[in-house]
1. Under the condition of being in a loop (DSSP other than H, G, I, E, B) and touching a residue at least 24 places away in the same chain (Cβ under 8 Å), which residue from the stretch 28-43 is surrounded by the most Cβ atoms within 10 Å (Cβ to Cβ)?
2. Contact list please: Cβ distance under 6 Å, first residue in the stretch 66-95 and surrounded by 12 or more Cβ atoms within 10 Å (Cβ to Cβ), second residue among the hydroxyl-bearing types (Ser, Thr, Tyr), pairs at least six apart or on different chains.
3. Among the residues of the stretch 44-97, write down those that are in a helix (DSSP H, G or I), acidic (Asp, Glu) and touching a helix residue (DSSP H, G or I) at 6+ places or on another chain (Cβ under 8 Å).
4. What's the number of the condition residue 39 fails, among (1) of a type in the set (A, V, I, L, M); (2) out of contact with any Gly (no Cβ under 9 Å at 6 or more places or on another chain); (3) over 19 Å from residue 133 (Cα atoms)?
5. Of the conditions (1) touching an Asp or Glu at 6+ places or on another chain (Cβ under 7 Å); (2) over 19 Å from residue 16 (Cβ atoms); (3) touching a residue at least 40 places away in the same chain (Cβ under 8 Å), residue 129 fails just one. Which one is it?
6. With the checklist (1) open to solvent by 10 Å² or more (accessible area, probe 1.4 Å); (2) under 18 Å from residue 139 (Cβ atoms); (3) modelled with pLDDT of 95 or more; (4) not β-branched (Val, Ile, Thr) in hand, flag the one item residue 12 doesn't pass.
7. Only one of 98, 61, 55 is at positive phi, at pLDDT below 95 and of a type in the set (Gly, Ala, Ser); which?
8. Could you check how many residues of the stretch 96-120 are aliphatic (A, V, I, L, M), closer than 29 Å to residue 58 by Cβ and surrounded by 15 or more Cβ atoms within 10 Å (Cβ to Cβ)?
Amino acid sequence: MANQYPYVSSAGSIGQALEQFRKKLPQTIDSDTLKQLELAPNNESYLINVLKFIGIVDEAGKADSKKSEIFYADDTQYIAGLSELIEAAYSSLFDLHGAVAWNLDKGKLTSFFRQADKTSEIVGGRQTNTFVALAVAAKKRDGVEDKGTSNGTSKPKKSPKPTVVAKKTTVAEQTTVELAKPNGSPVSLNVRIEVVLPSNSTKETYDNIFKSIRENLID
């Protein structure tokens, strides 16, 4: 038994297809057409099922003469028309949750689709990503949504690469300076000087630094 709700493994192809159809709508929308447009490679039939589900493509693989008129409308009418098609296709979801359905979290959406079609978590996740992609295209959901992975969930973020810092050598020079109090008695003051050097410093570099310290600070 076929699933009630369609899905694609890469939901990003839905938005790409709708954008392409706004530029130029093919009269025949089949696998060959999608291949020529480089849409949903190796998943053309799944994308066609989504387009059929919301009514843009009829059972004969032709652009529906009435519903496809939204692609020729201005932006406001296009968004309104696309939203109506999606709400009609997902009527059970909207009957249950109302307008809130547009922004339900993915966990609740997946639960709904799995219960409706008795599917696995993977398929339910893909059905969720498909609905979310349609919601984003209809400007009903904010943000850039996942393009989807094989199990319909987001890809884990990679940990940032550790920053490699070159090691440095710290050299300390300590000396004692005698100061005189107003009454003439001496006061000892310890001064510690730290010099941070790159690890590839030469002996000459060390010698020059200590020579300068002695000449200007000690002697």
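1. Of everything passing the filter in the stretch 28-43, 29 is surrounded by the most Cβ atoms within 10 Å (Cβ to Cβ).
2. Short answer, once both residue conditions are applied: 70/78.
3. Answer for the stretch 44-97, where residues must be in a helix (DSSP H, G or I), acidic (Asp, Glu) and touching a helix residue (DSSP H, G or I) at 6+ places or on another chain (Cβ under 8 Å): 44, 69, 87.
4. (3)
5. For residue 129, the failing item is (2).
6. Every listed condition holds for residue 12 apart from (3).
7. 61
8. Total satisfying the criteria: 3.
The values are calculated or read from the model by the stated rules, or taken from the named source; none is laboratory data. From a predicted model like this one, the values you see are computed outputs, not experimental measurements. So basically every Cβ, Gly included, is an ideal-geometry build from the backbone, and we count neighbours across all protein chains shown. Each accessible area value is taken on the protein alone, full model and side chains, heavy atoms only, with ligands, DNA and RNA left out. Shrake-Rupley method; radii C 1.70, N 1.55, O 1.52, S 1.80 Å.
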